[in-house]
1. Could you tell me whether residue 117 is of a type in the set (Gly, Ala, Ser) and touching a Lys or Arg at 6+ places or on another chain (Cβ under 7 Å)?
2. Listed residues 118, 112, 138, 128; which is touching a residue at least 60 places away in the same chain (Cβ under 8 Å) and in contact with a Ser or Thr (Cβ under 8 Å, 6 or more places away or on another chain)?
3. Look through 190, 205, 238, 220 and report the one residue that is in contact (Cβ under 8 Å) with a residue 24 or more places away in the chain, touching a Phe, Trp or Tyr at 6+ places or on another chain (Cβ under 7 Å) and not hydroxyl-bearing (Ser, Thr, Tyr).
4. Give the residues of segment 225-244 that are more than 27 Å from residue 319 (Cβ to Cβ) and buried (at least 19 other Cβ atoms within 10 Å of the Cβ), sorted by residue number.
5. Given the criteria open to solvent by 20 Å² or more (accessible area, probe 1.4 Å), of a type in the set (Asp, Glu) and touching a Ser or Thr at 6+ places or on another chain (Cβ under 9 Å), does residue 222 qualify?
6. Against the conditions (1) of a type in the set (D, E, K, R); (2) buried (at least 19 other Cβ atoms within 10 Å of the Cβ); (3) under 18 Å from residue 204 (Cα atoms), where does residue 281 fall short? Just the number, please.
7. Which strands (runs of 3 or more DSSP E) does segment 207-324 wholly contain that include 3 or more residues that are within 23 Å of the chain's Cα centre (by Cα)?
8. Can you tell me which residue is least open to solvent (accessible area, probe 1.4 Å) among those in segment 24-33 that are over 23 Å from the mean Cα position of the chain (by Cα) and within 17 Å of residue 153 (Cα to Cα)?
Amino acid sequence: MSVLVLVEHTNGAFKKKSLEAVQYAAHIAKETVTSVTAVAVGNIADAAMQELGAYGAQKVLNATDARLEHFISRAYTKVMLAAAQKEGAKVIVGLHDTVGKAVSPRLAARLGAGLAAGAVAYPDLSKGFVVKKTVFSGKAFAFVSITSDVKVITLMPNTFAVVKGEGSATVEKLDVSFSDADFAVQVKEVAKASGAVPLSEAELVVSGGRGMKGPENWHVLEDLAKELGAATACSRPVADSHWRPHNEHVGQTGGTIRPNLYIAVGISGAIQHLAGVNGSKTIVVINKDPEAPFFSAANYGVLGDAMEIVPKLTEAVKKFKAGH
């Protein structure tokens, strides 16, 4: 019996949010006196999989069917089902992202398991198995008691800091019996967004809205993001106007992020936008409209013209980094 966790990678390198999920699973395993088994899909170097042991995994099951090159929810569900049956898993951890949201409900249905989606804290085992999760687009929390024999949890990325420890995991091949129906959906092309910092994993984010007045002014935000080592994001009207690519859109109909610092520039803060960013640890709002609703959700607010404030902030960051 073990705690099972689905880990995601890019070209064989495991994503930060997956390492976070392994640590989360390791915490549960310690409390329940069991072990952690990670499930990795695709051709990955053994050394990379063994390194998951430094984050709490004792074993890695690797499914390498060539048809798994691209994510297909039904096939990935079959992989996790095979792993759960092989390990006798009673707790299964996934990520509250595109992959986790597609696989976890299917897996829970197959296993007759209770599902808690969007966990933001370690489960409370003193009262059974109680999971704290976000509800109402992140405006509130709910405490969900899972009473089923098998339990499935999806973890909100950037909930915990990743701390590398000691240890090495063993690696085993996972044989999965697929049917043609598992690959009924065919992926023809995958277009990946470029950028030094993936938005979904960024701890620092600089975001802009219609208050930036046009794409020609975006260099101001990009300069600040570069100095901070931050990712850039935008509100929906900006993406809809094609000022910025749609992969940068955060909000209820875009991406959901939980960075340590979210700097919102020229964004009014409509409820739809807040739904995607209100899990941020610290929110800084820069806006010249004193009635902007975003100020009520901000930890810090700066009232003024972004084109004057942001360059000064960038210069201040440069001086701080230079030790002046």
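The values are calculated or read from the model by the stated rules, or taken from the named source; none is laboratory data. None of these values were measured; they are calculated from a predicted model. Virtual Cβ from ideal backbone geometry, glycine too; neighbours counted across all protein chains shown. Accessible surface is based on the protein model in full, side chains and every heavy atom, while ligands, DNA and RNA are left aside. Shrake-Rupley method; radii C 1.70, N 1.55, O 1.52, S 1.80 Å.
1. On the way: of a type in the set (Gly, Ala, Ser): yes; touching a Lys or Arg at 6+ places or on another chain (Cβ under 7 Å): yes.
Judged against the criteria, residue 117 is a match.
2. After ruling out the rest, the residue left standing is 138.
3. Details: 190 fails: touching a Phe, Trp or Tyr at 6+ places or on another chain (Cβ under 7 Å); 238 fails: touching a Phe, Trp or Tyr at 6+ places or on another chain (Cβ under 7 Å); 220 fails: touching a Phe, Trp or Tyr at 6+ places or on another chain (Cβ under 7 Å).
205 is the lone residue from the list that is in contact (Cβ under 8 Å) with a residue 24 or more places away in the chain, touching a Phe, Trp or Tyr at 6+ places or on another chain (Cβ under 7 Å) and not hydroxyl-bearing (Ser, Thr, Tyr).
4. 234, 235, 236, 238, 239, 243, 244
5. Values: open to solvent by 20 Å² or more (accessible area, probe 1.4 Å): yes; of a type in the set (Asp, Glu): yes; touching a Ser or Thr at 6+ places or on another chain (Cβ under 9 Å): yes.
Taking the combined requirement at face value, the residue satisfies it.
6. (2)
7. Here the list reads 231-234, 261-265, 282-287.
8. Of everything passing the filter in segment 24-33, 32 is least open to solvent (accessible area, probe 1.4 Å).
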